[in-house]
Amino acid sequence: MQGLSRRTFHRLLGAGACATACSGGGRTLALYNWGDYLAPEVIERFTAATGFRVTQDYYLAEAELVAKLASGAAYDVVFPIDYVLERLRKQALVIPLGRDKLPGLANLDPQFGPWLGPDNQIYAVPYLWGTTGIGYDSDHVEAPTSWKALSDPRYAGKISVIDSKGDVFDQALLAAGMDINTTDKPALRERVFPLLQAQKPLLRAYDSNPARALVSGETWIAQIDSGDLFRAQKQRPSLRYAIPDEGAVLWVDYLAIPATAPLSAVAARFIDFLLDPEIAALNANALRFATPNLAAITRGLVADAADPALYPSAETRKRLFVSENWFGQTEAVVDELWLELRRA
């Protein structure tokens, strides 16, 4: 059950568990990634094709990634979520990627193109995308239609939300019928925070691996990333995934090269390798997240391409929102409220 969440550290020691400590020098590419978020076969194929080993360190939250890069950690490729990219660029923690080194960009769906800075240079390439909705055990829970289901007293002690400031506030904002990118500070204090205070006693946990608890039966209903739920279904077939009527967050994880990368040229080769349709399909099929690689989909390589839960319809997409994670105007307020919530 360890490997069910992109937000969970890989807990097995050995190859791939200690990039910075165990890299061994010049022919090892060091990645800083979400946990369990790269198909092992992809790593094996890259090593076979190039002769470079790949090792990984893992992070649980975006703040860890930013802090590690700011400290000068020598990673070659990182996997930032969309709303962190501008922060990384402004702090000069990632470098531009040359288009000439990435011919695989032609395989991307135009709606998921590379991330461009104001200088029109590419700073990151989309890797996988998904939504954050509600996972539930259909043997115990009625199909939820609202985020308010995560505060339903009928499921007290069997509810979890993701142990992340952004995700916790997102689900409360949506339950309150508000914009997840609101800059209304009084509303955050007066409308959203009371919902979180009322929800907390009903929770089993703020959980970094909601899939594991759903599989074990410790949790019946949880906020969860789409692919984590679909992988968990293999172990507990009664699990289901729902995007509530109020909508959900659509996120994109990217590939970028840190300014401190020792092997930036090899890192670019690795990123382009991941843009190959067959490799992109291997990742998507193993991890059960959506791929932005249109060539992989049109060639019929992606097993779940017709599943609307993974690749939402145009109608559902109208209810999906991209989070800015309050970078700027309301960041300090959300940080303060999050600390107060966790201390209570």
Name every residue in segment 141-191 that is touching a helix residue (DSSP H, G or I) at 6+ places or on another chain (Cβ under 7 Å), open to solvent by less than 70 Å² (accessible area, probe 1.4 Å), without any contact (Cβ under 8 Å) to a residue 60 or more places away in the chain and more than 22 Å from Ala211 (Cβ to Cβ), in order of residue number. Leu173, Ala176, Met178
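Of everything in segment 101-137 that's in a loop (DSSP other than H, G, I, E, B) and within 18 Å of the chain's Cα centre (by Cα), which residue is surrounded by the most Cβ atoms within 10 Å (Cβ to Cβ)? Can you show your working first?
First, the residues of segment 101-137 that are in a loop (DSSP other than H, G, I, E, B): 102, 109, 113-114, 117-121.
From the residues that got through so far, the ones that are within 18 Å of the chain's Cα centre (by Cα) too are 113-114.
Values: Gly113: 13, Pro114: 18.
Here the residue is Pro114.
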Out of all the residues in segment 41-59, is one or more open to solvent by 30 Å² or more (accessible area, probe 1.4 Å), at pLDDT below 95 and either in a loop (DSSP other than H, G, I, E, B) or over 24 Å from Ala259 (Cβ atoms) (or both)? no
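Does Arg11 meet the test of being at pLDDT below 95, basic (Lys, Arg), part of a loop (DSSP other than H, G, I, E, B) and open to solvent by less than 60 Å² (accessible area, probe 1.4 Å)? If you could, list the steps in order and put the result at the bottom.
On the way: at pLDDT below 95: yes; basic (Lys, Arg): yes; part of a loop (DSSP other than H, G, I, E, B): yes; open to solvent by less than 60 Å² (accessible area, probe 1.4 Å): no.
It is false that Arg11 is at pLDDT below 95, basic (Lys, Arg), part of a loop (DSSP other than H, G, I, E, B) and open to solvent by less than 60 Å² (accessible area, probe 1.4 Å).
Being small (Gly, Ala, Ser) and touching a Leu at 6+ places or on another chain (Cβ under 9 Å) is the filter; apply it to segment 297-331 and report the residue that is most open to solvent (accessible area, probe 1.4 Å).
Ala309
Quick check on segment 216-232. Is at least one of its residues crowded, with 17+ Cβ neighbours inside 10 Å, among the basic types (Lys, Arg), in a helix (DSSP H, G or I) and more than 16 Å from the chain's Cα centre (by Cα)? Please lay out each step first, then the result.
If we filter segment 216-232 for residues that are crowded, with 17+ Cβ neighbours inside 10 Å, which is where we start, we get 219-232.
The next check asks that each one be among the basic types (Lys, Arg); those that pass are 231.
Keeping just the survivors that are in a helix (DSSP H, G or I) gives 231.
Within this subset, residues satisfying the condition of being more than 16 Å from the chain's Cα centre (by Cα) are none.
Scanning segment 216-232 turns up no residue that is crowded, with 17+ Cβ neighbours inside 10 Å, among the basic types (Lys, Arg), in a helix (DSSP H, G or I) and more than 16 Å from the chain's Cα centre (by Cα).
Search segment 60-100 for residues being touching an Asp or Glu at 6+ places or on another chain (Cβ under 6 Å) and surrounded by 21 or more Cβ atoms within 10 Å (Cβ to Cβ), and hand back the single one that is farthest from Asp225 (Cα to Cα).
Pass one, segment 60-100, residues touching an Asp or Glu at 6+ places or on another chain (Cβ under 6 Å): 79, 81, 83-84.
Still in the list and also surrounded by 21 or more Cβ atoms within 10 Å (Cβ to Cβ): 79, 84.
Numbers: Phe79: 16, Val84: 18 Å.
Checked segment 60-100; the qualifying residue farthest from Asp225 (Cα to Cα) is Val84.
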Since Ala286 meets every condition but one in (1) within 18 Å of the chain's Cα centre (by Cα); (2) at positive phi, which condition does it not meet? (2)
The one condition Leu88 fails out of (1) within 21 Å of the chain's Cα centre (by Cα); (2) more than 24 Å from Thr291 (Cβ to Cβ); (3) modelled with pLDDT of 95 or more is (2)
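Scan segment 187-196 and tell me whether some residue there is touching a Lys or Arg at 6+ places or on another chain (Cβ under 8 Å) and among the small types (Gly, Ala, Ser).
The answer is no; no qualifying residue exists.
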Which residues, counting only those in segment 184-215, are within 25 Å of Gly130 (Cα to Cα), out of contact with any strand residue (DSSP E or B) (no Cβ under 9 Å at 6 or more places or on another chain) and not in a helix (DSSP H, G or I)? Asn209
Here the residues within segment 305-344 that are among the basic types (Lys, Arg) and more than 27 Å from Phe230 (Cβ to Cβ) are Arg342, Arg343
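Restricting to segment 27-75, what's the tally of residues that are of a type in the set (S, T, N, Q) and in contact with a Cys (Cβ under 9 Å, 6 or more places away or on another chain)?
Looking only at segment 27-75, we keep the residues that are of a type in the set (S, T, N, Q), and these are 28, 33, 47, 50, 55-56, 71.
Applying the additional criterion that residues be in contact with a Cys (Cβ under 9 Å, 6 or more places away or on another chain) yields 28, 55-56.
Summing the residues that are of a type in the set (S, T, N, Q) and in contact with a Cys (Cβ under 9 Å, 6 or more places away or on another chain) in segment 27-75 gives 3.
The values are calculated or read from the model by the stated rules, or taken from the named source; none is laboratory data. Since we're looking at a predicted model, the values are computed, not measured. Neighbour counts are summed over all protein chains in view; Cβ atoms, including those assigned to glycine, are modelled from backbone coordinates with ideal geometry. Calculation scope for accessible area: heavy atoms of the full protein, side chains included, ligands and nucleic acids excluded. Shrake-Rupley method; radii C 1.70, N 1.55, O 1.52, S 1.80 Å.
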